[in-house]
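Engineer: Shown below is the structure under consideration.
The values are calculated or read from the model by the stated rules, or taken from the named source; none is laboratory data. This is a predicted model, so every value here is computed, not measured. Every residue, glycine among them, receives a Cβ derived from its backbone with ideal geometry; neighbour counts consider all protein chains shown. For the accessible areas, the whole protein counts, side chains as well, though only heavy atoms, and no ligand, DNA or RNA atoms are used. Shrake-Rupley method; radii C 1.70, N 1.55, O 1.52, S 1.80 Å.
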Amino acid sequence: MAVTMQTLIDEASVIPVLTVGDIAHAAPLADALASGGLKVIEMTWRTENALEVMQAMKAARPELIIGMGTLRNGDQCRACLEAKADFLVSPGLTPVLAAALREVDLPVLPGVATAGEAMQAAEMGFEVLKFFPAEQAGGLPYLKSLHGPLPDLRFCPTGSISAEKAPDYLALPNVVCVGGSWIANSKMIEAGDWDRIEANARKAQSMKP
């Protein structure tokens, strides 16, 4: 069944933002996240094997909804479509990238950091936006202030959001989900600390409003 933006909104709470280079970690990582109750995952394209890791995680736990992040150009967007990614995420948005993202029939979370960027993304037809880097771009106060002038825009803030701050973000009326690397950071993954990752995933899932 095709994943829609509404699917992401319904199923996501805190989305683990993963950076994984070793395909051998894919299956146990998918098991830990799924066993912790999470359903929506973002794999960043920051390693050479990122697409293959994403595919291996989907093969291990087909119930997971796994998207590809850190996308910057059309070639990456098309490669993600061919690799069967469920959704796409970008750190920012340009007219060229926006055109490429619209060409692929997948839910997209394009990155914005200001009110002007959010308005431009909305004019380009994007309905849910990644607020990035969240903490560095103004954090909770800034995102809360956007709700007054831009009440129709919805956000997934990502960037240095801790387990302690995630619930406060999720409580904002214009936030539908939050991205967080704290659930499974590179150190935990490389150490094979699957029990800790599963515990973090369970904590993240419990934050869903």
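Engineer: For residues that are open to solvent by 30 Å² or more (accessible area, probe 1.4 Å) and of a type in the set (Gly, Ala, Ser), scanning just segment 7-36, find the one that is farthest from Phe155 (Cα to Cα).
Structural biologist: Ala24
Engineer: Continuing with this model, one more query. Looking only at residues that are hydrophobic (A, V, I, L, M, F, W, C) and assigned to a strand (DSSP E or B) in segment 100-123, which one is farthest from Asp75 (Cα to Cα)?
Structural biologist: Val112
Engineer: Working carefully through the options Leu101, Leu143, find the one that is more than 25 Å from Lys165 (Cβ to Cβ) and crowded, with 18+ Cβ neighbours inside 10 Å. Break it down into steps so the answer makes sense when it comes.
Structural biologist: Details: Leu143 fails: more than 25 Å from Lys165 (Cβ to Cβ).
The unique qualifying residue is Leu101.
Engineer: Same structure, new question: Being touching a residue at least 60 places away in the same chain (Cβ under 8 Å), surrounded by 16 or more Cβ atoms within 10 Å (Cβ to Cβ) and not hydroxyl-bearing (Ser, Thr, Tyr) narrows it down to one of Ala137, Ala184, Ala199, so name that one. Let's see the steps before the verdict.
Structural biologist: Values: Ala137 fails: touching a residue at least 60 places away in the same chain (Cβ under 8 Å); Ala199 fails: surrounded by 16 or more Cβ atoms within 10 Å (Cβ to Cβ).
It is Ala184.
Engineer: Something else now. Could you grab me the full set of residues in segment 162-176 that are open to solvent by 10 Å² or more (accessible area, probe 1.4 Å) and part of a loop (DSSP other than H, G, I, E, B)?
Structural biologist: Ser162, Ala163, Glu164, Lys165, Ala171, Leu172, Pro173, Val176
Engineer: Also: Could you give me the residue pairs with C-beta distances under 7 Å whose first residue belongs to segment 29-58 and is more than 13 Å from Val17 (Cα to Cα), whose second residue is of a type in the set (Asp, Glu) wherever it lies, and which are 6+ apart or on separate chains?
Structural biologist: These pairs meet every condition: Ala32/Glu198; Ala34/Glu63; Ser35/Glu198; Gly36/Glu198.
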